[in-house]
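Asks: Would you mind keeping the following structure in view while I ask a few things?
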Amino acid sequence: MRVRQEPGFVIHTRPYSETSLFVEILSRHFGRITTIAKGARRQKSKFRGTLLPFRELSVGWSGRGEVPTLTLAEPAGVWSDMRGQSVRCGFYVNELVMKLLHRYDAHPHLFDCYADTMVQLRRGGVCEHTLRLFEKRLLKELGYAMNLECEVGCRREINAGQSYRYIPNLGAVAVDNKQKGGVTISGAALRALRNESFNGDRELKECKKLMRAMIAHQLDNRPLHSRKLFR
């Protein structure tokens, strides 16, 4: 199999032998793939300075096995560096992609969402807002879309003035419901997440707590190493 000029992002690298690298790539049409960049650790490698996170590349690879050889990695479009908190957020997004996406499972819409997330982080906007939207869209693409429209078991719309408990894989139930578990959250925060428009830090903090529980559920409570960067 030979692929040329595929849109992609480097999401992780690790050493392979003294001179080469394993390179994890999120590609638009092939999903997450693992490649070998031969000689990438040499001073005069053609990959020198290009296999960096957060920047969109034009990539290519070839080979019949599960781990093909990376043959092309060139910058695509204009690039500007991330700084400070945006870098930490970027590593968090990359770790979610690494741990939640299966290899060779294409998600073109998620790729576009990821690309837009990188743009927003580079612009230095409200990182928490950007992360909540990416997490929500990631879950939807994986087949675990959140029910943010109405209460579980009835057609009552989420009420901004009501308190709920949101239970992963189930949805929102009123706090006096007999269902146990879940994350306590206001209806206002659930509606803000649904509309992708947050009114202040309180809603963002509530949604952060909720999305942390949702992600942990999908990871079977495996830790995310990138969260250490925020501490």
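What follows is calculated from the coordinates using simple rules that are stated; it is not laboratory data. On a predicted model such as this, the values are computed, not experimentally measured, just so you know. Note that each Cβ is placed from the backbone with ideal geometry, even for glycine, and that neighbours are counted across all protein chains shown.
Asks: Using unit Cβ charges (K, R positive; D, E negative) and no other charged atoms, how large, in debye to the nearest 20, is the dipole of the chain about its Cα centre?
Replies: Result for the chain is approximately 660 debye, rounded to the nearest 20.
Asks: Just to confirm the number: angle between the C-alpha axis of helix 85-100 and the first principal axis of the chain, 0 to 90 degrees, nearest 10?
Replies: Long axis of 85-100 versus the principal axis of the chain: about 90 degrees.
Asks: Further question: What percentages make up the Cα-Cα pair-distance distribution of the chain when the bins are 10 Å wide from 0?
Replies: Pair shares across the bins are 7, 30, 31, 19, 10, 3, 0.
Asks: Assign unit charges at the C-beta atoms only (+1 for Lys and Arg, -1 for Asp and Glu), then state the dipole size of segment 2-75 relative to its Cα centre in Debye, rounded to the nearest 20.
Replies: 240
Asks: On C-alpha positions alone, give me the angle between the axis of helix 201-218 and the longest principal axis of the chain, in degrees, nearest 10.
Replies: 70
Asks: Name the shape class, rounded, prolate or oblate, that the alpha-carbon gyration tensor gives for segment 53-116, where a ≥ b ≥ c are the square roots of its eigenvalues, rounded holds for a/c under 1.5, and otherwise prolate holds if a/b is larger than b/c and oblate otherwise.
Replies: Taking the square roots of the gyration eigenvalues as a ≥ b ≥ c, segment 53-116 is oblate.
Asks: Next up: Which entries in Lys99/Lys205; Lys136/Lys180; Lys46/Lys208; Lys180/Lys205; Lys140/Lys205 show an alpha-carbon gap greater than 29 Å?
Replies: Lys46/Lys208
Asks: Can you tell me the orientation of helix 108-123 relative to the chain, as the angle in degrees between its alpha-carbon axis and the longest Cα principal axis, to the nearest 10?
Replies: Long axis of 108-123 versus the principal axis of the chain: about 90 degrees.
Asks: Net charge near Val126: determine it from the other residues with C-beta under 11 Å of the C-beta of Val126, scoring Lys and Arg +1 and Asp and Glu -1.
Replies: That sum, taken over residues with Cβ under 11 Å, equals 0.
Asks: Calculate for the chain the 222 nm mean residue ellipticity that helices alone would give, adding -39,500 (n - 2.57) per DSSP H run of length 4 or more and normalising by residue count, nearest 500 deg cm²/dmol.
Replies: -10500 deg cm²/dmol
Asks: If you don't mind, another one. Among Val10, Tyr114, Leu100, whose Cα projects farthest towards the positive end of the dipole of segment 1-136, with charges put on the beta-carbon of Lys, Arg (+1) and Asp, Glu (-1)?
Replies: Farthest along the dipole direction, towards plus: Val10.
Asks: Between the alpha-carbon centers of segment 49-114 and segment 1-25, tell me the distance in whole angstrom.
Replies: If we compute the Cα centre of each part, the gap is 9 Å.
Asks: Treating the Cα atoms of segment 2-75 as identical point scatterers in vacuum, please give the log10 of the normalised Debye intensity I(q)/I(0) at q = 0.22, 0.28 Å⁻¹, two decimals.
Replies: Those come out to -0.92, -1.52, one per q.
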